[in-house]
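Let me begin by presenting the structure, written as structure tokens, before commenting on it.
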Amino acid sequence: SQPTIGYARDNFGRGLYGQATIVLGDMLGDHKLGFSTTLNGRLEETSLIAQYANFANRLAWVAGIQQQPYYGYGAAGTIPSTNEGEAIYIEQYRRYIYRTAFGGVVYPTSRFRRWELNAEVVNADESILEYYQPFDLATGYPTDVVRSRTQSINNDTYVMPSLSLVFDNSLASWVGPFLGRRSRIEAAQAMGNWQFFQGTFDYRRYDKAAGPVTLATRLYYFGRRGRDAERFVFYGGNTELIRGHTYGSYTRDECLNVGSDPTSACAVNNLIGSQVAIGNVELRIPLLLGALSALPIPLPGLQAAVWYDIGLVWDNNSVIKWSRSPTDPYIDLKEFGLGNSHEVRTPAQAWGVGLRANVLGFMVMRLDYARPLNRPHTDHLWTLSLGPMF
């Protein structure tokens, strides 16, 4: 891609940005060499990758190096302030900068099924980014500017081999798959400074409902277990997993007992953990077909969708319930020495309708209207996102 570089400055800060990608290969596509880098802010948070892939034989292989920053939500809550009638709202984010050397082989056993064996050596540089917002307890209005600090936590190295079985016989239209099934079962074990087992189960079906209408379903699990499983927790309420629960849609209004119990934290913590299990059902109704792109004025592929999501996010110490009582804590009180109760996790649910459109022939735009079923402070929300459908 065409390289870009720039410098931006405004009332919120300043920083560098830019990107460049180069891919080289032979005429038969048997050998490929790729380089890519992206900068958005600090130099130390640059994303970059260099890899070589060999597809000349049935047993294909790849090797390369990579640096990638990741940002994970840590927790949110309030602490008392030294000023009377005031409290401090805190948000924590974990930043991991992964530096990786990797290699892997791919062996197909049929047209639709293949085995993947991979190994990587990873150096993980961990930091915590903290943001503090003082606010008035009576009105909820901020009383000072947001302040931040960065704490360096750990710098660890580990090795992680993995084995995967992949199946894919799906057929896709201009917008997304409409027939067949896809699955991925993967097991990985980290050894070294970090020790954890990582498992993935992803099963998707695309069945004909009536005429061109497709019923798409997905069962998905991803999780880590072991001594260091919770080093990097993730947020399950994004548009790729559990819709209707995006982080930005949660506000301080959904924090409980701010004045009397500042450790009770926010309802958003219900969607943070080291394991996630979800189920998605979506009825996809074609409105415009990609064949219409042959018209003098090309029209994009367009689909309507009616969907339902349910999902649960938890960690090793969570107590799982179907519904939450007013006294169930959102954080692990025992871990913080504040009581004998672990955090309680309940399933998040939502249903909604949406539109999916093929934009410029290479990406899918998704517009969704979501109705969360277990958020009394949020009746509905709209989301606009880019990316493939499940």
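Okay, here's what the table says:
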read-out: HN-Hα J in Hz across the range 279-286 - Karplus 6.51, -1.76, 1.60, θ = phi - 60°, x for Gly and Pro; value: x, 10, 10, 9, 9, 10, 10, x
read-out: Long-range HN-HN contacts of His31 with modeled amide H, under 5 Å; value: Asp26, Phe55
read-out: C-alpha center-to-center spacing [the range 18-48, the range 207-230] in angstrom; value: 30
read-out: Glu343 long-range amide H proximity, modeled H, under 5 Å; value: Val319, Asp332, Leu333
read-out: Fewest-first ranking of Phe390, Phe35, using other Cβ atoms within 10 Å as the exposure measure; value: Phe35, Phe390
read-out: Part-to-part distance (alpha-carbon centres) for the range 75-117 and the range 131-198, which is given in Å; value: 4
read-out: Packing-based ranking, highest mean first, of 343-355, 314-326 given that Cβ atoms within 10 Å are counted; value: 343-355, 314-326
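Rule-based calculations on the coordinates, nothing more; no lab input. Here the structure is a predicted model, which is why all the values come from computation and not from measurement. As a convention, Cβ positions derive from the backbone with ideal geometry for all residues, glycine included, and neighbour counts pool all protein chains shown.
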